[in-house]
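To start, the structure itself, in structure tokens.
The values are calculated or read from the model by the stated rules, or taken from the named source; none is laboratory data. Not measured: the values here are computed from a predicted model. Glycine gets a Cβ as well: all are built from the backbone with ideal geometry, and neighbour counts include every protein chain shown.
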Amino acid sequence: MPISAAQLVFDSQHIWHPYTNLLNPTPVFAVESADGVYLNLSSGERVIDGMASWWSAIHGYNHPVLNQAVKSQLDKMSHVMFGGLTHQPAIELCEKLIEITDSNLQCVFLADSGSVSVEVALKMAIQYWYSKIGYSKKGYSKNEQSKSGPSKGDKQKSKFLSFKNAYHGDTFGAMSVSDPENGMHSMFAGVLPQHFFVSAPTCLSDDDWKSEYINEFKAILNVNHNEIAAVIIEPLVQGAGGMRFYCSEYLRQIRKLCDEFNVLLIFDEIATGFARTGSFFAYEEAKVVPDILCLGKALTGGYMSLAATLTSRKVADTISAYQGGNLMHGPTFMANPLACSVAIASLNLLLNSDWKSKIADIEKQLIEELRQCKNFENVVDVRVKGAIGVIELKEPVDMERVQIRFIELGVWLRPFGKLIYIMPPYIIKPSELTQLTTAMVQVSKESF
């Protein structure tokens with residue numbers, strides 16, 4: 001039965017949607033079903049989804065392989081607690097994650113959302129330094145004295161260093177390492193833990209790298225490394241903080257500085273992981289490996305909420321060696337069997353596809369079809385990386401008007417601030433992608 005007008009009224013009066021309010025909510029459009037790259041609306045429109053449901057539905061909707069993975073698991077069990085129990089989907093997924101990530105990443109914590117995976121990563125980093133006494137007893141402290149002095153349990157190292165314009169999630173720990181001034185969580189600045197922030201990267205190409213680009217980062221570490229447990233950054237692409245791209249050399253320099261000042265390195269690849277930037281993981285492009293890696297969004301192909309925090313054996317053993325060594329986190333729906341099963345199917349679909357060529361083709365088409373916007377008077381920048389295309393305007397978009405206009409043009413895009421951007425499903429056809437980019441160009445023209 002289609003959604004009724006009365007139900008839509010109820011929705012607008014009683015249901016909070018992301019980043020909106022209940023006094024003057026932005027319009028919502030009712031979806032009856034979805035297939036491939038299309039959303040089928042109750043009002044009769046069939047629109048191409050350029051957002052991949054916030055970057056997660058990389059295989060599109062209603063995929064028969066992913067559907068079957070859920071149905072097969074449902075006949076066995078939909079969920080079972082992970083405390084004291086385990087199951088095959090969780091084991092197989094963790095085996096797969098360890099197989100496809102760097103060999104240094106050997107231990108996996110399965111969370112239930114990207115924000116929670118960041119919370120877990122922050123806890124890991126703090127607990128690592130707290131547990132250094134236990135770790136040094138196991139004999140792992142060689143080459144770790146550096147500028148921080150002897151290896152020992154260190155409760156002082158409880159701060160984090162992050163980029164401005166960063167976004168790491170909406171839970172409190174994640175908010176605290178997101179941009180404290182210009183981000184969407186600035187109203188909470190007075191109650192969040194206070195961490196260190198460095199200017200957002202500006203160098204777009206390794207060919208243009210200058211040593212002074214890393215000076216501020218180095219200076220903060222030099223003065224504060226005894227307080228800093230870890231650096232946390234989104235590698236190569238800052239997502240919801242502005243869809244900003246930057247060069248690989250930043251990551252290489254940051255890795256060197258973390259090693260020099262004895263600080264852990266966390267990469268938040270919730271948005272960039274699973275081929276979105278053109279490499280399977282963004283860290284691979286820079287040939288840099290983090291100590292802790294956060295994954296989510298596309299992990300299940302957009303079917304279920306699931307995330308993972310991976311870390312090295314060094315970090316895991318350090319935490320585990322100290323006074324019982326329990327990592328103090330345990331979501332109720334941790335390692336949900338349905339989510340793990342569809343994640344395995346999604347990863348196999350992606351790995352068995354010609355994903356690298358597909359992403360390269362999407363990138364090439366985005367560059368060709370969006371470049372004309374650079375000549376528009378109201379456009380600040382047009383940028384493309386992998387299967388990400390961004391038009392940055394001089395002024396914020398009128399969300400209500402623009403959203404309706406995109407529906408009229410047969411597409412679903414969700415701009416924010418001054419940005420009209422696209423992160424489509426990887427299965428998108430060239431003609432469908434052209435319809436999306438044409439709508440982006442049209443709306444950019446109309447925004448004069």
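Overview of values
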{"read-out": "Options Lys159, Lys210, Lys218, Lys155; residue that is at pLDDT 95 or above and exposed (fewer than 13 other Cβ atoms within 10 Å of the Cβ)", "value": "Lys210"}
{"read-out": "Filter pass, Val379 being within 29 Å of Gly296 (Cβ to Cβ), of a type outside the set (Gly, Ala, Ser) and assigned by TED's automatic domain parsing to the domain that holds Trp412", "value": "no"}
{"read-out": "Boolean, Asn348 is surrounded by fewer than 20 Cβ atoms within 10 Å (Cβ to Cβ) and closer than 27 Å to Met423 by Cα", "value": "yes"}
{"read-out": "Checking Ala316 against (1) surrounded by 19 or more Cβ atoms within 10 Å (Cβ to Cβ); (2) out of contact with any Leu (no Cβ under 7 Å at 6 or more places or on another chain); (3) under 23 Å from Leu66 (Cβ atoms), the condition it does not meet", "value": "(3)"}
{"read-out": "Answer residue from the range 155-188, given it is of a type in the set (Asp, Glu) and under 16 Å from the mean Cα position of the chain (by Cα) and is farthest from Ile220 (Cα to Cα) among those", "value": "Asp170"}
{"read-out": "Top-ranked residue of the range 162-194 - restricted to ones that are in contact with a helix residue (DSSP H, G or I) (Cβ under 6 Å, 6 or more places away or on another chain) and assigned to a loop (DSSP other than H, G, I, E, B), ranked as nearest to Tyr250 (Cα to Cα)", "value": "His168"}
{"read-out": "Given (1) in contact with a helix residue (DSSP H, G or I) (Cβ under 7 Å, 6 or more places away or on another chain); (2) modelled with pLDDT of 95 or more; (3) in a loop (DSSP other than H, G, I, E, B), number of the condition Ala57 does not satisfy", "value": "(1)"}
